[in-house]
Amino acid sequence: MTTPLLVLDTPTLYYRAYHGLPDTIRSPHGRPVHAAKGLLDALTQLTEQWASRRIVAVMDADWRPDFRTGLLPSYKAHRVTDEARGTETPPDLEIQLPVIFDALAALGIPIAEVPGTEADDVIASIVHQCAHEDIVVVSSDRDLLALLRPDRRVRIHRPRNGGLWETTSAADLPGLFQVSTGTEYRALAALRGDPSDGIPGAPGIGDKTAAKLIAGWGGLEEVLAAAARGEKDHGLSPKRREALVEHAEAIRAGHRVMEGLHDLPVGEFVAGAGAAPDAERAARLATEQGLERSMARVLAALRGESAPRSAPDVRAAPPEDGAAPAPVPPAPPGWASRFVAFDLETTGVDPHSARIVSASLVPFAEGREQASHDWLVDPGVEIPEAAQRVHGITTERVRADGVPTVRAVPELLAAIRSLGQSGTPLVGHNIVYDLTVLAAEAVRLGMLPSPGALLDLLPPVLDTLVLDKQHERFRRGPRTLTALCEHYGIALTEAHDARADARAAGLIALALAGASAELAGTPAEALHARQIDWKREQSAGLQEWLRRKRPDAVVSGDWPLEAR
């Protein structure tokens with residue numbers, strides 16, 4: 001059986017690593033190499049997952065080509081960081097690009113770029129010209145969903161929240177976007193717009209409305225023509241007709257801009273996929289850059305061997321001469337070997353009315369923290385001053401840099417659904433609050449029919465507050481996240497930061513697994529079920545104690561969601 005051709009949108013992978021990994025990952029010379037390390041680790045994961053070493057690494061020869069900016073001057077304009085050079089690349093990423101190129105060459109992976117074009121164009125040309133191939137396009141760029149057609153063996157493999165991945169085929173488009181083909185998806189995207197690429201779309205039209213318009217009228221030009229005629233059916237309200245008519249030319253320009261070129265010379269790149277690595281060159285480069293472990297893993301994966309387990313490459317500075325290497329801790333047992341930690345920061349303390357302002361999912365694998373996925377969210381309402389004092393996130397900041405709730409909540413739900421499908425536990429401290437907030441937000445957006453519907457999506461949930469109380473029921477003192485970090489010797493320097501709090505909850509979970517053989521040895525599904533009873537008992541005990549001073553005190557025993 002022929003293995004699939006893995007076509008990498010390489011810039012999206014190294015940008016993801018650059019933003020997701022700490023810049024304390026440095027070479028022996030003190031230069032950052034976190035983007036290079038992240039790309040190598042992604043190569044290992046992809047090679048193992050798809051059992052294929054047939055890889056093409058596509059690059060941007062021109063990330064903002066003239067033929068696109070000529071159609072739409074706003075195309076990616078907001079990303080330009082250096083007007084003189086027209087670049088979007090941060091300096092400490094730019095110095096890693098030669099390392100990335102050298103590593104790919106040493107691994108025998110063709111670097112595919114064509115002057116004057118973007119990676120999307122090279123990918124589109126490969127897909128169009130290799131109709132006989134089983135192709136997996138690896139990219140976070142949603143525009144590439146336009147390549148999906150029922151007559152093609154093409155899948156889009158997208159990095160998702162919490163270190164997870166999502167694979168989409170043409171058959172998945174109706175369920176995800178209510179469109180039938182990639183062509184219809186491109187029309188939907190043109191109507192909706194994409195601020196991240198400077199594609200305007202029509203104000204007030206999102207995915208659902210765009211899908212309804214396309215399904216009703218048949219295509220982009222048909223939708224625009226119906227709006228111009230003053231039609232009323234299939235979602236064409238007066239306000240939407242006005243927006244479509246006013247922005248028709250910008251919508252058409254965005255539609256053309258999103259179409260990838262089909263006729264680029266890509267045959268040589270495809271033919272070179274699967275070449276043997278130059279192991280000596282790869283090892284020499286890895287030693288020079290301090291990437292020995294990541295390089296060893298990807299070489300093993302390309303040879304079809306099990307990747308060696310070892311300590312991560314994270315280092316604040318090169319070790320001193322003669323220093324002994326840090327010991328590799330044993331992999332935690334059971335559920336503690338793999339889980340994802342979760343935290344939200346919000347506008348208030350009532351989980352039924354609070355809005356999300358930041359979120360983080362932090363994966364843990366074999367006892368080690370992985371790259372997180374984080375959201376800064378514009379809740380669409382003013383953030384109260386009391387909440388700002390807690391987490392430091394202002395209304396001005398989320399309006400300038402945040403993503404809208406309507407985008408963030410679906411992504412969070414998709415990540416949690418993926419965890420549920422894989423059975424990967426979700427960990428948090430007093431996680432009943434975070435899940436209740438998320439459920440309420442999803443109901444407000446019409447994504448869930450009721451808060452309880454979230455329960456159907458959830459993986460096994462582990463609450464470090466409930467577990468710690470059960471582990472040491474009679475220990476005195478508070479059980480806040482900060483208190484547990486102090487108790488278990490965990491550094492928490494940025495309390496009430498979603499990523500820091502999620503990370504702390506994950507480390508507490510590992511500490512609990514190390515301290516209690518019973519907790520560590522109980523399957524996550526069984527622990528989830530037991531926590532329902534433990535939380536009820538713990539709340540009843542606390543309520544009884546509080547009523548000695550306040551007879552009307554009520555402590556909810558609901559878990560993992562709090563009822564109104």
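The values are calculated or read from the model by the stated rules, or taken from the named source; none is laboratory data. Since this is a predicted model, take the numbers as computed values, not measurements. Here the Cβ is made from the backbone with ideal geometry for all residues, glycine too, and neighbour counts use every protein chain on show.
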**Q.** Selection count, region 492-512, where residues are within 14 Å of Glu472 (Cβ to Cβ) and of a type in the set (Gly, Ala, Ser)
**A.** 1
**Q.** Cross-chain or 6+ apart pairs with Cβ under 7 Å, region 46-71 first and in the same structural domain as Ala106 (by TED's automatic domain parsing), then at pLDDT 80 or above and basic (Lys, Arg)
**A.** Thr47/Arg53; Leu71/Arg256
Q) Residues of region 435-447 being farther than 19 Å from Trp335 by Cβ and not β-branched (Val, Ile, Thr), which ones? A) Leu438, Ala439, Ala440, Glu441, Ala442, Arg444, Leu445, Gly446, Met447
Q.
So the check is Cβ under 9 Å with 6+ separation or different chains; which pairs have a first residue in region 189-203 that's closer than 17 Å to Leu71 by Cβ and a second one that's part of a strand (DSSP E or B) and hydrophobic (A, V, I, L, M, F, W, C)?
A. Ala189/Ile199; Ala190/Ile199; Gly193/Ile199
Q.
So Ala36 passes all but one of these: (1) in contact with a Phe, Trp or Tyr (Cβ under 8 Å, 6 or more places away or on another chain); (2) closer than 30 Å to Arg252 by Cβ. Which condition number does it fail?
A. (2)
Q | Selected residue (criterion: nearest to Ala439 (Cα to Cα)) from residues of region 456-493 that are loosely packed, with under 11 Cβ neighbours inside 10 Å and under 25 Å from the mean Cα position of the chain (by Cα) | A | Asp456
Q.
Quick check on my filter: what residues within region 369-408 are closer than 30 Å to Leu510 by Cβ and touching a Pro at 6+ places or on another chain (Cβ under 6 Å)?
A. Gln370
Q. If you scan region 28-51, which residues turn out to be part of a loop (DSSP other than H, G, I, E, B) and surrounded by fewer than 20 Cβ atoms within 10 Å (Cβ to Cβ)?
A. Pro28, His29, Gly30, Arg31, Ala51
Q. So which pairs qualify, if the first residue must be in region 475-489 and of a type in the set (S, T, N, Q), the second must be crowded, with 16+ Cβ neighbours inside 10 Å, the Cβ gap must be under 7 Å, and the two must be at least 6 apart or on different chains?
A. Thr482/Leu492
Q. Hey, any hits in region 392-399 for a residue that's under 20 Å from the mean Cα position of the chain (by Cα) and either farther than 22 Å from Pro22 by Cβ or free of Cβ contacts under 8 Å to residues at least 24 places away in the same chain (or both)?
A. yes
(Q) Residues that are in contact with a strand residue (DSSP E or B) (Cβ under 7 Å, 6 or more places away or on another chain), among the acidic types (Asp, Glu) and closer than 17 Å to Asp558 by Cβ, at least 1 per element: which helices (runs of 4 or more DSSP H) completely within region 382-486 meet that? (A) 431-444
(Q) If I go through region 363-381 residue by residue, how many of them are surrounded by fewer than 20 Cβ atoms within 10 Å (Cβ to Cβ) and not in a loop (DSSP other than H, G, I, E, B)? (A) 5
Q.
Within region 534-551, does at least one residue satisfy the condition of being closer than 16 Å to Tyr433 by Cα, among the basic types (Lys, Arg), under 38 Å from the mean Cα position of the chain (by Cα) and in a helix (DSSP H, G or I)?
A. yes
Q) Of all residues in region 98-107 being under 26 Å from Leu261 (Cα atoms) and surrounded by 16 or more Cβ atoms within 10 Å (Cβ to Cβ), which is farthest from the chain's Cα centre (by Cα)? A) Ala105
Q) Of Gly446, Gly423, which residue is surrounded by fewer than 15 Cβ atoms within 10 Å (Cβ to Cβ), farther than 18 Å from Glu345 by Cα, within 19 Å of the chain's Cα centre (by Cα) and at pLDDT below 95? A) Gly423
